[in-house]
1. Please report, in Å, the Rg and the Dmax of region 130-228, where both are computed over Cα atoms only.
2. D for region 244-323, whole µm²/s, Stokes-Einstein with Kirkwood Rh over alpha-carbon pairs at 37 °C and 0.692 mPa s: what number?
3. Provide the gained length on full extension for the span Asp113 to Asn154, in nm with one decimal, where the gain is 0.36 nm per separating residue minus the Cα-Cα distance.
4. Rounded to whole Å and sorted largest first, what semi-axes of the equivalent ellipsoid does the C-alpha gyration tensor of the chain yield via the square root of 5 times each eigenvalue?
5. Taking H placed 1.01 Å from N in the peptide plane, check which residues at least 5 places from Ala125 or on another chain put their amide H under 5 Å from its amide H.
6. Explain nothing, just the number: relative contact order of the chain, from Cα pairs under 8 Å at least 6 residues apart, as a whole percent.
7. What longest range of the chain stays clear of loop-exposed GluC sites (Glu not before Pro) (DSSP non-H/G/I/E/B, at most 10 other C-beta within 10 angstrom)?
8. What is the sum of charges around Ala231, taking Lys and Arg as +1, Asp and Glu as -1, for the other residues whose C-beta is under 11 Å from the C-beta of Ala231?
Amino acid sequence: MFRSLKFVAGIVAAACGIVAFSAAPAQAQAWPSKPIRVVLAFPGGSSTDVLIRVLAEPMQRSLGQTILVDPKPGAGAVIATQYVLNQPADGYTLMVTTPSQSLTSAKANAPFDIRKDLVHIVQHAGGPYFIAVNTEKLPNVKTMKDFVEYARANPGKINFGSIGAGSAIHIGIELFNQVENIKTVHIPYKGSSSNVLALASGDSHAAMDVLTFLGPQHQAGKVRVLAATTAERSPMAPEYPGMRESGTPEYSFAFWQGFGGRTGLPKEIVARMNAVVNAALKDQAVLDYAKKSQTVLFGGTSESITDIINKEVTTWAKLVKDANIALD
């Protein structure tokens, strides 16, 4: 069941730098004439869900229509993506794309190919994941070096939580195991909230997730955040070391989020949505949320995110095949 965000009336297109497409076809020129559904492959309350709801407020003011945020989690983003692919390419059903769709596309006999089946509008966010441990389960693990040494001494005894089988975090864990030559047990949960709560309660020993969820549990003393998964420290959370100074310079793993729609989406709608999202990323409420949640905001062109995704799918497909990583 989707949730509707309250429509905030106001004509601020000129202030946001949005201009009318007077020469566009009638369909695109009239768009949007009704609410726009944005489908997520993650549960309500997840970090992705929260960010989209914050972004939706200034976007609604620019578009003059309500944005309906519709979480459809599960199956490595297959449920959400196939739902969007079964809708008309008219701009009224869009989705948030993430590396989960890239990973699914990288599988043999994939149910969809994000490079061909979706049009990519703009990247709106990105940044590192973080690795954390339960303070009671692993009381002596205080650094990434401690974690790796413990894992090597106890192969197959660390339950390592992710947000789901086939998720970006899943492959991030498998890649970390491969780089460090350790063996941990992947435990998939349904989203960040479940993943981090399982870590805090001791159901898992370690987890990879975003700081939005790990941070409060770290402050409460239930979990200990060890490091960011990027090579260097994150500018949004410089108190945590990156992988290079943690002793694993060859490992770097980050997330991205973007807006997309089904292939066939009119170019005029892609261009307008790109402008609307880029403007929303400069909204003060969005900037304040990004600072609070340690989220790095991006923006840019449709071409730039398309290039990122095309290269990523090719890279992951080779990695999954060569390393024989099971994503299911």
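All of the numbers you see were taken from the coordinates with simple rules; none came from a lab. Quick caveat: nothing in here was measured; it's all calculated off a predicted structure. Note that we place each Cβ from the backbone using ideal geometry, even for glycine, and neighbour counts take in every protein chain shown.
1. Rg and Dmax of region 130-228, Cα atoms, are 11.8, 32 Å.
2. Numbers: Rh = 15.5 Å.
Answer, rounded: 212 µm²/s.
3. Working: separation 41, 0.36 × 41 = 14.76 nm, distance 3.85 nm.
The span from Asp113 to Asn154 would gain 10.9 nm if fully extended.
4. Details: eigenvalues 260, 88, 54 Å².
The three semi-axes for the chain are 36, 21, 16 Å.
5. Correct list: Gln257, Phe298, Gly299.
6. On the way: 679 pairs, mean separation 80.6, N = 328.
Relative contact order here is 25 percent.
7. 1-238
8. Details: positive: Arg233, Arg244; negative: Glu232, Glu245, Glu250.
The answer is -1.
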